[in-house]
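The structure under discussion appears below in the form of structure tokens.
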Amino acid sequence: MGYFASRAAAFGPVSAEAVIATFYNFNPQVVRKAIPAAWHLASPADILDARLNAADTTLRRVLGDAVDSPEMSHAAELAREAAQAISGELSGRPLYAAHTALPWPAAPHLVLWHAATLLREFRGDGHLAALLAAGLSGIEALVTHAATGAVPAETLRTTRGWTETDWAAAESRLEERGRLRDGLLTEQGRGEREAIEEATDRMSRAPYAALGDDRCQELSFLVRPWSKQVAAELIPWAAARNSGNLRTPRTS
């Protein structure tokens, strides 16, 4: 409920169907258990305030003095410029569009966080368009993602609320279509996944093109250490991947 409500609150008190459509790969039954019940516990405005406060508290705890550094202020300026460069590109980007209506915070680390949220939702909306065009359902997209080895299948299945039966059925459908074999991507499946990522990159290029190569590299250099700190503290599977403890899957 906290995840669906905090990310969808920018829409206002929307229906479960709106969340199912824009979040794409969650089990609809799980969404319906949380939405619209969440809006009876707290208003979207209160949830957005709580989300910002949580980001502030967490980033201060994890990053320490870095939140008040000149490097943070500069990174925030660069990220905000990139995010604002696409402020008029709303068509087909529902989650991004909803977040553009939210006010910018004042503190640099929260400006960076809000800019990252905008850029994430801009890319995410484009990614869903690419998945839809490729004919992948939400759970099928998860199965192919897991088959790349980027994220453990169990993590994707359980965090999105799918049962083992649901997962097995999606694997069978992908095998019938030649995308998967023994839980691994076939050559056809890898080609399709690469095409989806390329399409996503192409549809997400505008904010970074506006910033330019040099300043994009500068922004990446500034935020990479903070990103690793956050991942190590808050995302166990990402920390394991960065340390080399996750296996690299075979490909067929």
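The values are calculated or read from the model by the stated rules, or taken from the named source; none is laboratory data. Since the model is a prediction, treat every value here as computed from it, not as a measurement. Here the Cβ is made from the backbone with ideal geometry for all residues, glycine too, and neighbour counts use every protein chain on show. The accessibility values were calculated without ligands, DNA or RNA, using every heavy atom of the protein model including side chains. Shrake-Rupley method; radii C 1.70, N 1.55, O 1.52, S 1.80 Å.
Observations, loosely collected:
Condition check ((1) touching a His at 6+ places or on another chain (Cβ under 8 Å); (2) among the aliphatic types (A, V, I, L, M); (3) at pLDDT below 95; (4) within 28 Å of P236 (Cβ to Cβ)) across all residues:
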residue: P94; (1), (2), (3), (4): no, no, no, no
residue: A101; (1), (2), (3), (4): no, yes, no, no
residue: A106; (1), (2), (3), (4): no, yes, no, no
residue: L110; (1), (2), (3), (4): no, yes, no, yes
residue: W113; (1), (2), (3), (4): no, no, no, yes
residue: L119; (1), (2), (3), (4): no, yes, no, yes
residue: R123; (1), (2), (3), (4): no, no, no, yes
residue: L136; (1), (2), (3), (4): no, yes, no, yes
residue: I139; (1), (2), (3), (4): no, yes, no, yes
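- Residues in the stretch 146-167 that are over 28 Å from A34 (Cα atoms) and either open to solvent by 40 Å² or more (accessible area, probe 1.4 Å) or charged (D, E, K, R) (or both): T148 alone.
One line per residue, one yes/no per condition, for (1) in a helix (DSSP H, G or I); (2) of a type outside the set (S, T, N, Q); (3) more than 30 Å from A85 (Cβ to Cβ); (4) in contact with a Ser or Thr (Cβ under 7 Å, 6 or more places away or on another chain):
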{"site": "T155", "(1), (2), (3), (4)": "yes, no, yes, no"}
{"site": "T158", "(1), (2), (3), (4)": "yes, no, yes, no"}
{"site": "A168", "(1), (2), (3), (4)": "yes, yes, yes, no"}
{"site": "E197", "(1), (2), (3), (4)": "yes, yes, no, no"}
{"site": "S220", "(1), (2), (3), (4)": "yes, no, no, no"}
{"site": "V223", "(1), (2), (3), (4)": "yes, yes, no, no"}
{"site": "S227", "(1), (2), (3), (4)": "yes, no, no, no"}
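- No other residue among A199, A130, A170 is touching an Asp or Glu at 6+ places or on another chain (Cβ under 6 Å) and open to solvent by less than 20 Å² (accessible area, probe 1.4 Å) apart from A170.
- Test result for R177, open to solvent by less than 40 Å² (accessible area, probe 1.4 Å), basic (K, R) and either without any contact (Cβ under 8 Å) to a residue 60 or more places away in the chain or over 26 Å from F4 (Cα atoms) (or both): no
- Filter result for S87 (among the polar types (S, T, N, Q), within 29 Å of E218 (Cβ to Cβ) and surrounded by fewer than 19 Cβ atoms within 10 Å (Cβ to Cβ)): yes
- Residue in the stretch 229-237 that is at pLDDT 95 or above, within 20 Å of H127 (Cβ to Cβ) and part of a helix (DSSP H, G or I) present: no
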